[in-house]
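*Asks:* I have a structure I would like to understand better, so I am pasting it below and will then ask my questions one at a time.
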Amino acid sequence: MEQKYVRESRTVKSSVVLPPDTNNHGTLFGGKLMAYIDDVAAISAIRHARKNVVTASTDSVDFLQPIKLGHSVCLESFVTWTKTTSMEVFVKVIAENLLSGERKVCAVSFLTFVALDEEGKPSPVPKAIPETPEEKWLNEHAPERAVARKKRREESKKLAKEFGVKKPWDPM
């Protein structure tokens with residue numbers, strides 16, 4: 001299987017935070033930011049695999065600072081690590097006060113995507129080759145995150161099996 005540089009999957013998306021995007025605190029809705037994160041991460045995964053992809057998990061979204069009305073929000077994503085058919089994608093969210101130029105990292109996120117073949121089955125992906133210090137660090141620590149992801153997924157399966165689907169009127 002071929003290999004690809006991490007930079008080949010790098011994706012950047014920017015927009016201005018407008019009133020319909022904000023909550024009662026005058027900051028960007030968390031759900032709106034999560035949609036942006038999934039969108040930009042999917043583009044990175046597709047660029048890396050050059051195949052259709054599906055979000056397997058949103059491993060984490062850590063909201064570090066609020067993003068205010070009138071500021072810009074810039075999301076940068078790239079594939080950090082791959083297994084056979086899956087890709088870990090890192091997303092960094094930077095807010096900028098457009099009047100002062102002050103910029104700060106407001107959120108970071110890790111997602112996992114699976115590449116699909118023409119029949120919708122998991123399909124092999126190229127290995128990701130890191131080059132920059134940030135890419136190398138993220139790649140080096142990816143196996144640790146994969147172990148935590150696998151453990152969390154097993155716990156989710158247990159929870160779903162144990163508490164499954166119930167009628168809304170049945171007591172927990």
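Read the figures in this text as sums done on the coordinates, not as results from a lab. Owing to the predicted nature of the structure, the values given are computational and were not obtained by experimental measurement. So basically every Cβ, Gly included, is an ideal-geometry build from the backbone, and we count neighbours across all protein chains shown.
Per-residue answers, yes or no, for (1) in contact (Cβ under 8 Å) with a residue 24 or more places away in the chain; (2) within 19 Å of the chain's Cα centre (by Cα); (3) in a helix (DSSP H, G or I):
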{"residue": "E134", "(1), (2), (3)": "no, yes, yes"}
{"residue": "W137", "(1), (2), (3)": "no, yes, yes"}
{"residue": "E140", "(1), (2), (3)": "no, yes, yes"}
{"residue": "R153", "(1), (2), (3)": "yes, yes, yes"}
{"residue": "V165", "(1), (2), (3)": "no, no, no"}
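*Asks:* Restricting attention to the stretch 65-89, report how many residues are closer than 19 Å to S15 by Cα and hydrophobic (A, V, I, L, M, F, W, C). Full working, then the answer.
*Replies:* Of all residues in the stretch 65-89, those closer than 19 Å to S15 by Cα come to 65-78.
When the remaining residues are screened for being hydrophobic (A, V, I, L, M, F, W, C), the result is 67, 69, 73-75, 78.
Matching residues across the stretch 65-89 total 6.
*Asks:* Taking only pairs six or more apart or across chains, which ones have beta-carbon atoms under 7 Å, a first residue in the stretch 101-126 that is assigned to a loop (DSSP other than H, G, I, E, B), and a second residue that is hydrophobic (A, V, I, L, M, F, W, C)?
*Replies:* S123/A115; S123/L116; P124/M1; V125/A49; V125/M87; V125/A115; P126/M1
*Asks:* Please go through the stretch 44-65 and give me each residue that is crowded, with 16+ Cβ neighbours inside 10 Å and either basic (K, R) or in a loop (DSSP other than H, G, I, E, B) (or both), ordered by number.
*Replies:* Of everything in the stretch 44-65, those that are crowded, with 16+ Cβ neighbours inside 10 Å and either basic (K, R) or in a loop (DSSP other than H, G, I, E, B) (or both) turn out to be R47, K51.
*Asks:* Which one is farthest from V147 (Cα to Cα) among residues in the stretch 44-75 that are over 10 Å from the mean Cα position of the chain (by Cα) and among the charged types (D, E, K, R)?
*Replies:* Taking the candidates together, the pick is K68.
*Asks:* Turning to a different aspect of this structure: Looking only at residues in the stretch 91-141 that are of a type in the set (V, I, T) and in contact with a Cys (Cβ under 8 Å, 6 or more places away or on another chain), which one is surrounded by the fewest Cβ atoms within 10 Å (Cβ to Cβ)?
*Replies:* Of the residues in the stretch 91-141, the ones of a type in the set (V, I, T) are 91, 93-94, 105, 108, 112, 114, 125, 129, 132.
The next check asks that each one be in contact with a Cys (Cβ under 8 Å, 6 or more places away or on another chain); those that pass are 93-94.
Details: V93: 27, I94: 18.
Of everything passing the filter in the stretch 91-141, I94 is surrounded by the fewest Cβ atoms within 10 Å (Cβ to Cβ).
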